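Worksheet: one structure, shown below.
The values are calculated or read from the model by the stated rules, or taken from the named source; none is laboratory data. Bear in mind the structure is a predicted one, so any value in this text is a computation, not a measurement. Heads up, the Cβs are rebuilt from the backbone with ideal geometry, glycines too, and the neighbour counts pull from every protein chain shown.
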Amino acid sequence: MKKLRWFLPIYFLSTCVILSAQNGAPDPAYKLISGQNIVQSKNYYLLTLFEENEEVKKLLESDKQLAEITLAKSGKLQLSLKDCNNNAACLIERMKFGEQEIKQISNRLAELSTTSNALGRLVQHDLIRSGTYILFNNLSPQQLLVKAWEQDANGINFTIGVYAEGKKANYPLIDSISFNVNNTHYGSFLYNNAYLLSQEFNSSKLFFTIPLKASLHFLEINERDNAADFEPMISTVNKEAFDKIKSVKWNNYKYSVILVPGAGPDGLVMPLSSEAMIRCRLAAIQYNDRISPFIIVSGGRVHPYKTKYSEAIEMKKFLMEKLSVPGSAIIVDPHARHTTTNMRNGARLIFRYGIPFNKPGLAVTTRGQSSMISSTLAARCFKELMEVPFKNGTRLSETETEFYPLIEALQINPAEPMDP
């Protein structure tokens, strides 16, 4: 996981994340902006805000220095169709952000942002309140803006690297590219992709459009739009439970949620693994004891490679059909791909859905995973996510451990585009 370190400055690794009084903390009432593409907004929230905020958009489009960078980026893409021919490396290089481009844009954004203009207001109203870049909230507003931009830019390059260039994904057995990059026709395939981008977006006046849309395009053709599954969940798979939250008398319950991590099956035609069934049954015992009003089932389309089944959705079906747990008591997280993000996404749902954030939750799972959650998972989260999204409470049994959600869970992870 060493390759993740370039996403966040090294000095963050040796300090605790402290929310400064000047910048403030994330606002539970803040509503995330989805824009035109939920995969984009989840991965690159700052760039989505740049597109959706008309005042900021005009400021960026009209700036002379950024316009020059935009024109140069567009020109490079056009030239790639003449210069690169079917050379895959050449074509991909023209789609990515260059290091110098990222640095130039960082400097210009810092210069443009003031507390009295639209860019400065965006930092205060959206970046800080959303918590999506919370690991940078202890910086000045200009520095926060720059670090958010650099994270988005490097995240775009990472996605293009994995899903166009064929670089190693963090978990290659489940997340790798769908194409054989060594095939003699792959260069021609990339040429066609570059041509399409030039036709669709070459007239854009925003400096980030071509690399941004390239990253989204490669996720799409790799069938890796998992981040958008079942969104917006409060009006689809979680509507019944979300509507119930406002009427819950929380003092009647010891725990805010019962969190159940998923477990993928071995075969493509198997919707739910036996391990997941056991975990659901363990959770149902606790739910029937009325320790919590909700079960969060967590797991996306993970195992095996390119499965069409979502662990969380199948666990919800099992809980309802086999164990008679009402749908209004089940919150699904159909995006998590690892135990780290089971816990992180659970903490996010607690915060975003208005569930008491200072109340403990209960993680219920099979023995081995439960032991790992209460012992080594926090260190793994810090290594892989650059933050720890929960604090352990009391370990109650071989299959149950208390946890407390932490606000750092809101940070976007730029190295996991299917579940950022």
**OP:** Give the number of residues within region 320-335 that are within 28 Å of the chain's Cα centre (by Cα) and either at positive phi or crowded, with 24+ Cβ neighbours inside 10 Å (or both).
**Re:** 6
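Of all residues in region 242-272 being charged (D, E, K, R) and in a loop (DSSP other than H, G, I, E, B), which is nearest to SER292 (Cα to Cα)?
Filtering region 242-272 for residues that are charged (D, E, K, R) and in a loop (DSSP other than H, G, I, E, B), the one nearest to SER292 (Cα to Cα) comes out as LYS254.
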**OP:** Looking only at region 269-286, decide whether some residue is modelled with pLDDT under 95, surrounded by fewer than 19 Cβ atoms within 10 Å (Cβ to Cβ) and farther than 19 Å from ASN342 by Cβ.
**Re:** yes
Original post:
What number of residues in region 88-101 are surrounded by fewer than 18 Cβ atoms within 10 Å (Cβ to Cβ), in contact (Cβ under 8 Å) with a residue 40 or more places away in the chain and within 26 Å of the chain's Cα centre (by Cα)?
Top reply: 0
Original post:
Which one of these is surrounded by 13 or more Cβ atoms within 10 Å (Cβ to Cβ), assigned by TED's automatic domain parsing to the domain that holds TYR195, touching a helix residue (DSSP H, G or I) at 6+ places or on another chain (Cβ under 9 Å) and within 18 Å of ALA164 (Cα to Cα): LEU109, LEU66, LEU119, LEU77?
Top reply: LEU77
Subject >> TYR305 vs. criteria assigned by TED's automatic domain parsing to the domain that holds SER235, surrounded by fewer than 20 Cβ atoms within 10 Å (Cβ to Cβ) and under 26 Å from the mean Cα position of the chain (by Cα) >> reply: yes
Subject >> Neighbours by Cβ (under 6 Å, 6+ apart or cross-chain): first from region 103-123, free of Cβ contacts under 8 Å to residues at least 40 places away in the same chain; second in a loop (DSSP other than H, G, I, E, B) >> reply: GLY120/SER113; GLY120/THR114
**OP:** Give the residue that is nearest to ALA263 (Cα to Cα), with candidates limited to residues of region 321-332 that are in contact with a helix residue (DSSP H, G or I) (Cβ under 6 Å, 6 or more places away or on another chain) and not polar (S, T, N, Q).
**Re:** VAL332
**OP:** Hey, can you tell me all the residues within region 142-165 that are over 17 Å from the mean Cα position of the chain (by Cα) and more than 14 Å from LEU49 (Cβ to Cβ)?
**Re:** GLN142, GLN143, VAL146, GLY161, ALA164, GLU165
**OP:** Tell me, please, whether a residue that is within 21 Å of LYS82 (Cα to Cα) and in the same structural domain as LEU77 (by TED's automatic domain parsing) can be found in region 165-174.
**Re:** yes
Original post:
Listed residues LEU319, LEU385; which is over 19 Å from LEU272 (Cβ atoms) and assigned by TED's automatic domain parsing to the domain that holds SER274?
Top reply: LEU385
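Quick one: count up the residues across region 218-241 that are in a loop (DSSP other than H, G, I, E, B), under 15 Å from PRO417 (Cα atoms) and out of contact with any helix residue (DSSP H, G or I) (no Cβ under 7 Å at 6 or more places or on another chain).
2
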Original post:
Looking at SER188, SER235, which is the one that is of a type in the set (Ser, Thr, Tyr) and under 19 Å from LEU32 (Cα atoms)?
Top reply: SER235
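Taking the stated definitions as given, is SER106 small (Gly, Ala, Ser) and under 27 Å from the mean Cα position of the chain (by Cα)?
Yes: the conditions hold for SER106.
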Original post:
What are the residue pairs meeting all of these: first residue in region 172-185, first residue more than 21 Å from HIS217 (Cβ to Cβ), second residue in a loop (DSSP other than H, G, I, E, B), Cβ atoms under 8 Å, and 6 or more apart or on different chains?
Top reply: LEU173/TYR305; ILE174/VAL302; ILE174/HIS303; ILE174/PRO304; ILE174/TYR305; ILE174/ARG337
**OP:** Find the residue count for region 195-217, including only residues that are hydroxyl-bearing (Ser, Thr, Tyr) and either at pLDDT 95 or above or assigned to a helix (DSSP H, G or I) (or both).
**Re:** 4
